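Okay, structure first, notes after.
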Amino acid sequence: MEKLSQDKFWAIYETLSEPLKDAIFSVDTADSITNISRLNDIEDVSKIADLVSNVLFGLLPLELIPDILKDDLNLTDDLSKKISLELEHFIFNDLESDLNKLYNVETTETLVPEEPKDSDTYREILS
């Protein structure tokens, strides 16, 4: 994926939600990228950082990360999936609603309250 020009970077950045803007320059994000890279023996931390930035900017859907890791860093399927899951867990999960809005993903999972029962089994047994 090609690098953004400085003008394009700031133009996209200005359209992002505050949580995404914060995550882009966050020390926690940088620490997570460094730690995940170190724990998985990835020397090219900048590749991982670029992927994370591209996701946060809305340029790369999360589901493509394992394939890109596998191709760009010559990783096994298992390792690329493991790293992708770790990135999701430590960076992207907290930003899920903002990322869904950014990628226009509608969440279909809604909690439907359980309807109350007309009878009370406990009281019926005692009667």
* Structure fact -> Straight-line reach check, K81, cutoff 16 Å on alpha carbons, 8 or more apart in-chain or any other chain, hits among lysines -> K47, K70
* **Average silhouette area of region 53-109, convex hull of alpha-carbon atoms, in square nanometres** => 4.2 nm²
* Asked: Using the Karplus equation 6.51 cos²θ - 1.76 cosθ + 1.60 (θ = phi - 60°), what ³J(HN,Hα) coupling, rounded to whole Hz, does each residue of region 8-22 give in order, writing x for Gly and Pro?
  -> 5, 4, 5, 5, 5, 3, 5, 8, 7, 5, 4, x, 6, 4, 4
* Given the Cα-Cα distance of F9 and E43 and 0.36 nm per residue of separation, how much length would full extension add, in nm? -> 9.7 nm
* region 6-106: Rg to Rh, with Rh as the Kirkwood radius over Cα pairs -> 0.95
* Which length gain, in nm to one decimal place, applies between V27 and L64 when the Cα-Cα distance is subtracted from 0.36 nm times their residue separation? -> 10.9 nm
* Asked: Can you list the HN-Hα couplings for region 89-94, worked out from phi with the Karplus curve (6.51, -1.76, 1.60; θ = phi - 60°), rounded to whole Hz and with x for Gly and Pro?
  -> 5, 8, 10, 7, 4, 5
* Asked: Which whole-number percent is the relative contact order of region 6-106 (Cα, under 8 Å, 6+ apart)?
  -> 30 percent
* Kirkwood Rh in Å, taken over all unlike Cα pairs in region 7-58 -> 11.6 Å
* To do: Can you spot the lysines whose alpha carbon is less than 18 Å from K101's alpha carbon? Ignore those fewer than 8 places along the same chain.
  => K21
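None of the figures in this text is laboratory data; all of them are computed from the coordinates on show. Here the structure is a predicted model, which means the values were calculated and not measured.
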